[in-house]
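Reading through the structure tokens given below for one structure.
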Amino acid sequence: MPLIAGARVIELRVEAARVASTRQGYEDAAFHLGRAVAQLVGDSTTADARRCKLLLAQAHALVTSRGRDDARAKYHAAALSAERCGDLEIFARAALGFAHRRTGLGAFEPGTAELLERARVRLGPELRGLAIRLKSRIGAELVLRSPREEGERIVEAAVREARALGDLATLGWVLDDYSYAFWSPRDTRGWAALCREIEQIGERLGDSELRFRGARFRAMAALDLGARAEFLDALRVCEEIDRATPLPYTRAMVPALRATLALLDGDLSEARRQADTAASLGAGATESGFEMIARVLRIEIARAAGEAAAIAPAVRELARRQRDVVGMRMHSAVLMAELGDLDAGRAVLAEFVRDELTDLPRDRLYLPVLFCAAELCVVTKSREFTGPLELALAPFAAIAAVVGATGPFVGSIAHHLGALAMIRGDRAGAIAQLEAGAAFHERLGAVLWLARSRELLERARAS
């Protein structure tokens, strides 16, 4: 049987990938496109021109089948091939794909910002929308670097340019970058409106991923504001999108959101089941950040169930390995202090207040880390640290602390301010804040947190 020529093999593989994609067989599509890439030999401009298109298509298929993390290497290879052969549109789209991390919780990557800028400066006016998207993503990258103000200014400028351009897809994805650059505690209602706009643009475009991203963050904004009906509506939209267009991203995010709801409702068995599902699907899809999300959910479920001792060794080891992750370190210290290791808890709290509190990154983990610090202060009865913690928390007394992109919800800030006031001996201040915290938790339907607020409130009134 005669061998099929290389060019014909590529054509057959591309066609097989197309057919697989029409049947939602994205894993098979990624495989066929990878085999097509393997048929290309040499580093000529002609080879690179074909290679960059195949790699970009393969990366898109991997995003749909396995998740963004598995696709990033292909996006990067596509960008470099396109840069070499001068295909500026493919270069820009591949650079955006490489830069785009799902959770927005990654560290600053100087090489990523540099790649985006190399793509941006080469685009002509005919690709203005792509240039604006590159600009906004550069800003989003720079927000991950301290200080974040430069990145915020760049993204805000890109939003103005996208609105002036009038292209809905450009605007939707630029606003998505803005949703990460926007520090939500500073204006939670403004952030909620932004997320709703992203969701609406995604719906108008028929872009299920963009719509999901807006709805997912709208759910978080609802928790921040204590708006249960809004949270349930956003969760409903997320579930609807996942049923219609299941992606690795949505498959893992939806059970994480359900776990957060179950924890709000005090249904610990359901919360544990959904958290385990999220962890399994997130790991299988190689989605960044799901390991941390699942661990935080499990810690809060174990604390609520009185089972902290069972997970203490694993949490202690995790904190040791991730000592540079302040949120995980503080969460572990709270758990250990509740189990009796008060001296270690005081030491962690003292180090945090001295070295990290002032420069704590302004991101979605800012208030959850302060929640941990407040909890640690209360458990260890460290009155000397109440002042700086109350000063940091006071501007956010009307909202709540919610971890990351899916929860869990970890209490209204008013509740934590009330608990700190009790440690300080301020009876009137504690009662006022705990009454506000109890009202917030009742409005949200956060039954376990409502019970905590009421218990502290009774103690404050009796003191």
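Throughout, read-outs are computed from the coordinates displayed, never taken from laboratory work. This structure is a prediction, so every number in the text was calculated from the model and none was measured. Note that we place each Cβ from the backbone using ideal geometry, even for glycine, and neighbour counts take in every protein chain shown.
Sketch the reach of a paramagnetic label on A394 as a point 7 Å from Cα along Cα-to-Cβ, and name the residues of the range 420-463 whose backbone nitrogen lies under 17 Å away.
420-434
So between A49 and V19, what do we pick up on full extension, going 0.36 nm a residue minus the alpha carbon distance? Walk me through the numbers on the way to the answer.
On the way: separation 30, 0.36 × 30 = 10.80 nm, distance 2.30 nm.
Computed gain between A49 and V19 is 8.5 nm.
Of A439, G425, Y366, which is farthest towards the positive pole of the range 313-463's charge dipole, taken about the Cα centre with +1 and -1 on the beta-carbons of Lys, Arg and Asp, Glu respectively?
Projecting each Cα onto the dipole axis, the largest value belongs to A439.
Restricting to DSSP H runs of at least four residues, report the calculated mean residue ellipticity at 222 nm for the chain, -39500 (n - 2.57) per run over all residues, nearest 500 deg cm²/dmol. Write down the numbers at each step before the final one.
Details: 23 runs with 355 residues, N = 463.
One gets -25000 deg cm²/dmol as the mean residue ellipticity at 222 nm.
Between V41 and R163, with labels modelled 7 Å along Cα→Cβ, what's the label distance in nm to one decimal, could you check?
Taking the simple label geometry, V41 and R163 are separated by 5.6 nm.
Place a +1 charge on the Cβ of each Lys and Arg in the range 88-155 and a -1 charge on the Cβ of each Asp and Glu, then give the dipole magnitude about the Cα centre in debye, rounded to the nearest 20. Before the final figure, lay out each step's value.
Working: 13 positive and 9 negative charges, 35 e Å.
Using Cβ point charges on Lys, Arg, Asp and Glu, the range 88-155 gives about 160 debye.
Assuming R0 = 56 Å, can you tell me the calculated FRET efficiency for the pair D233 and V121, based on Cβ-Cβ distance, to the nearest 0.05? Intermediate values should be presented prior to the final figure.
Numbers: r = 42 Å, r/R0 = 0.76.
About 0.85, to the nearest 0.05.
Taking Rg and Dmax of the Cα atoms in Å as the quantity of interest, determine which of [x] 31.5, 121; [y] 25.2, 100; [z] 24.1, 92 was computed from the displayed structure.
Answer label, from the structure shown: [z].
E109 to R128: extension gain in nm, 0.36 nm per residue of separation minus the Cα-Cα distance? Mind showing how you got there, number by number?
Working: separation 19, 0.36 × 19 = 6.84 nm, distance 2.48 nm.
Once the chain is fully extended between E109 and R128, it gains 4.4 nm.
Give me W449, W183, W191 ranked fewest to most by other Cβ atoms within 10 Å of their Cβ, as a rough exposure proxy. Before the final figure, lay out the partial values.
Working: W449 25, W183 17, W191 22.
Listing W449, W183, W191 from fewest to most nearby Cβ atoms yields W183, W191, W449.
R8 to L205: extension gain in nm, 0.36 nm per residue of separation minus the Cα-Cα distance? Let's see the in-between values first.
Details: separation 197, 0.36 × 197 = 70.92 nm, distance 3.58 nm.
Between R8 and L205, full extension yields an extra 67.3 nm.
Just rank S146, S382, S179, fewest to most, by other beta-carbon atoms within 10 angstrom. Please list the in-between numbers first.
On the way: S146 12, S382 20, S179 23.
Placing the least packed residue first, the sequence is S146, S382, S179.
Round to the nearest 0.05 the FRET efficiency obtained for S280 and L342 when R0 = 30 Å and r is the Cβ-Cβ distance.
With a Förster radius of 30 Å, E is 0.25.
So which lysines can K74 reach, going by Cα to Cα under 21 Å and dropping same-chain residues fewer than 8 places off?
K53
Just to verify a number: FRET efficiency for S269 and R321, C-beta to C-beta distance, R0 = 41 Å, to 0.05? Don't skip to the answer; put the middle values down first.
Working: r = 29 Å, r/R0 = 0.72.
The calculated FRET efficiency here is 0.90.
For a footprinting-style exposure proxy, rank T22, T170 by other Cβ within 10 Å, fewest first. Could you put the intermediate results ahead of the total?
Values: T22 9, T170 21.
Sorted ascending by nearby Cβ count, the order is T22, T170.
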